[in-house]
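Asker: Please see the structure below; I have some questions.
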Amino acid sequence: MRNEYLKQLKVDGAFETVLPPLTPEEFDYLEQNIIQNGCIDPIVTWNGYVVDGHNRLNICLKHDIACQINILSTEIYKSLDDVFAWMLENQLGRRNLSTIEKYEIIQKYKWSLEMKAKQNLSSGGKGLTTLSKVNTRKEMAKLVGA
């Protein structure tokens, strides 16, 4: 079996449920596309966990199709918050989601934006002046596309 390395990847429900699941029709379309054309988009991991490509992973394992893996740097993406922010920005731009669906996804991770704003306020109070202001509402609106 050529996908032994794929079997070693870990799946965490927190990462897997960032986006709504594909409909059965969407999954079937993706599966047929990968069977015919191979896995074109790599599976993205962080600390050994799949953060993008859960459906591709399942399809590749099921059909023993090779797939590349891209690894998010732990030097750049140091925390779960950083990874969730990457996931939101990456996925919201790729998926064909309605504004309401985007809003619901962003609501789940509003805490991440709020935490970043609080960290910046705290650091600003310690004399750091190079921090960008984080306006949670504006950040959420930007992610939704409003």
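No lab work stands behind these numbers, since they all come straight from the coordinates. This structure is a prediction, so every number in the text was calculated from the model and none was measured. Glycine also receives a Cβ, built like all others from the backbone with ideal geometry; neighbour counts cover every protein chain displayed.
Asker: Order of 53-62, 3-12 by packing, highest average Cβ count within 10 Å first? Intermediate values should be presented prior to the final figure.
Answerer: Values: 53-62: 18.9, 3-12: 12.7.
By packing density, highest mean first, the sequence is 53-62, 3-12.
Asker: Using 0.36 nm per residue of separation minus the Cα-Cα distance, give me the extension gain between Glu104 and Lys62 in nm, one decimal.
Answerer: Numbers: separation 42, 0.36 × 42 = 15.12 nm, distance 3.10 nm.
Contour length minus Cα-Cα distance gives 12.0 nm.
Asker: Would you kindly work out the equivalent ellipsoid of the range 54-102 from its C-alpha gyration tensor and give its semi-axes, the square roots of five times the eigenvalues, largest first in whole Å? Numbers along the way, then the final one.
Answerer: Values: eigenvalues 107, 76, 12 Å².
Listed largest to smallest, the semi-axes of the range 54-102 are 23, 19, 8 Å.
Asker: Dipole magnitude of the range 1-88 about its Cα centre, charges +1 at Lys/Arg Cβ and -1 at Asp/Glu Cβ only, in debye to the nearest 20?
Answerer: On the way: 6 positive and 13 negative charges, 61 e Å.
Result for the range 1-88 is approximately 300 debye, rounded to the nearest 20.
Asker: What ranking, highest mean first, results for peptides 19-29, 80-90 when packing means the other Cβ atoms within 10 Å averaged over each residue?
Answerer: Per-residue Cβ counts within 10 Å, averaged per peptide and sorted highest first, yield 80-90, 19-29.
Asker: Something else: Quick query: amide H of Asp52 versus all other amide H atoms, modeled in the peptide plane; which residues come in under 5 Å with a sequence gap of 5 or more or a different chain?
Answerer: Val44
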